[in-house]
Amino acid sequence: MNDLVQRCGYVALIGRPNAGKSTLLNRLIGEKIAAVSNKPQTTRTRIQGVVTSPQGQIVFVDTPGVHKPGHRLNKRMMHTVLDTLQNVDLVMLLRDATVASGHGEQYALELVRQSGQKAILALNKVDALPRKDLLLPLIDWYRKQHDFLEVVPISALKGEAIDLLVDLTFRYLPEGRPIYDEETLTDASLRSIAAEMVREKILQSTEQELPFATAVACEHWEETDQLARIFCAIYVERKSQRAIVLGKAGKKIRQIGIEARRDIERLIGKQVYLELFVKVHEHWRDDETTLNLLGV
Ligand SMILES: Nc1nc2c(ncn2[C@@H]2O[C@H](COP(=O)(O)OP(=O)(O)OP(=O)(O)O)[C@@H](O)[C@H]2O)c(=O)[nH]1
Ligand SMILES: [Mg+2]
């Protein structure tokens, strides 16, 4: 029977910073593995989320938001975006439907066009639109710009139309057997997810330059049946930034630790002892060795 034909492939999540790509990735696999925040450039590396169903398997690839690169870090991030665009079966362009169109949106669309790949457009954050008919002009505009296979209004945050999005995505993937076994949800290591959870809490609790100037590396991990002891280094660029991360009498870093620990415990299903320390490294964003160490 035709229904039994399985489909399988890689799908790139592409879009401007803050469009909701990582929120969608987490929603698709039903686990929190990717850092999410309202600060732009939250995602710095490629991270896969694997969806397996009777229809087959989709490997969604979350990417950094499309932006103009300054530091070496940002050049690497944009390289990741362009490289991913070329190495997938299908592209999913994510657009925050609540923001006005600008050069950034146009540029993200242009990258998708230039890739020559088949693409689906997901208009995200419809839960935050005061009226759904506000979508019509946006859909119209995109339809004129590019021949999208599908245009799907969704809410990654609330989980609206996500099943539909997955069903539609399957239609355009090649026939094939699953690449990963059924239990696999991601290619990211627990160590890197733990580091990302710490970084997410820093992004969520700090402002201005600090989110961009911070990186987190998981430096040590020991585990018994009951407990994981995890040691993470937080990199900042200046002493003044270290003071901000620490907070008055260490209050901020304690809070960051409590919140990150909760996420990591939920993920690995055991008790976590999380130790955080801050390192000042003035030019880490332009230092190839540190960028390699951080895996970006
Ligand atoms: N209201 C609403 N907010 C959303 C939705 N999806 C994501 N957000 C919010 O949008 C912000 C950005 O979400 P992310 O998932 O980090 O966006 P991203 O596209 O991965 O951003 P970068 O990694 O910086 O490229 C967060 O504050 C999310 O909570 C949605 O469907 N509705
Ligand atoms: Mg992201």
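Data for the structure
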quantity: Magnitude of the charge dipole, the range 2-171, Cβ model with Lys/Arg +1 and Asp/Glu -1, debye to 20; calculated: 680
quantity: Gain upon complete extension [Trp141, Thr289; 0.36 nm per residue less C-alpha separation]; calculated: 48.9 nm
quantity: Longest segment of the chain lacking GluC sites (Glu not before Pro) that sit in a DSSP loop with at most 14 other Cβ atoms within 10 Å; calculated: 1-181
quantity: Sparse-neighbour loop sites [trypsin sites (Lys or Arg not before Pro); the range 198-276; at most 14 other C-beta within 10 Å; DSSP]; calculated: Arg238, Lys270
quantity: Reference-scaled alpha-carbon Rg (2.2 N^0.38 Å with N residues) for the chain; calculated: 1.03
quantity: Separation between Cα centres of the range 197-219 and the range 237-274, rounded to whole Å; calculated: 10
quantity: Mean Cβ count within 10 Å, highest first, over the residues of peptides 14-21, 94-101; calculated: 14-21, 94-101
quantity: Computed log₁₀ I(q)/I(0) - Debye formula, equal Cα scatterers, no solvent, the range 8-51, q 0.24, 0.28 Å⁻¹; calculated: -0.86, -1.14
quantity: Along each principal axis, Cα extent of the range 31-116, largest first, Å; calculated: 42, 28, 28
quantity: The chain - charge dipole about Cα centre, Lys and Arg +1 at Cβ, Asp and Glu -1, debye rounded to 20; calculated: 1100
quantity: Hydrodynamic radius of the range 72-152 per Kirkwood, over alpha carbon pairs, in Å; calculated: 13.6
quantity: As computed over the range 190-294, the Cα convex hull volume per residue (Å³); calculated: 86
quantity: Per residue, in Å², the accessible surface of the chain once ligands and nucleic acids are set aside, probe 1.4 Å; calculated: 49
quantity: Computed Kirkwood radius, in angstrom, where 1/r is averaged over Cα pairs of the range 2-171; calculated: 16.0
quantity: Calculated SAXS-style log₁₀ I(q)/I(0) at q = 0.17, 0.24, 0.25 Å⁻¹ - the range 145-208, Debye, Cα scatterers; calculated: -0.99, -1.05, -1.06
quantity: Sequence of Arg76, Arg143, Arg171 from largest to smallest accessible area, 1.4 Å probe; calculated: Arg171, Arg143, Arg76
quantity: Per-residue HN-Hα couplings for the range 222-237 [Karplus 6.51, -1.76, 1.60; θ = phi - 60°; Hz; x = Gly/Pro]; calculated: 10, 9, 10, 4, 9, 9, 10, 9, 10, 10, 10, 9, 9, 8, 10, 9
quantity: Signed unit charges on C-beta, dipole axis of the chain, positive-most listed residue Val236, Thr23, Leu293; calculated: Val236
quantity: Value of [θ]222 nm, deg cm²/dmol, for the chain, DSSP H segments ≥ 4, -39500 (n - 2.57) each, nearest 500; calculated: -11500 deg cm²/dmol
quantity: Relative contact order (%) - criterion: Cα under 8 Å, at least six apart; region: the chain; calculated: 19
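The values are calculated or read from the model by the stated rules, or taken from the named source; none is laboratory data. For clarity, every value in this text was computed on a predicted model and none was experimentally measured. Cβ atoms come from the backbone with ideal geometry, glycine included; neighbour counts cover every protein chain shown. With ligands, DNA and RNA removed, areas are computed over all heavy atoms of the protein, side chains included. Shrake-Rupley method; radii C 1.70, N 1.55, O 1.52, S 1.80 Å.
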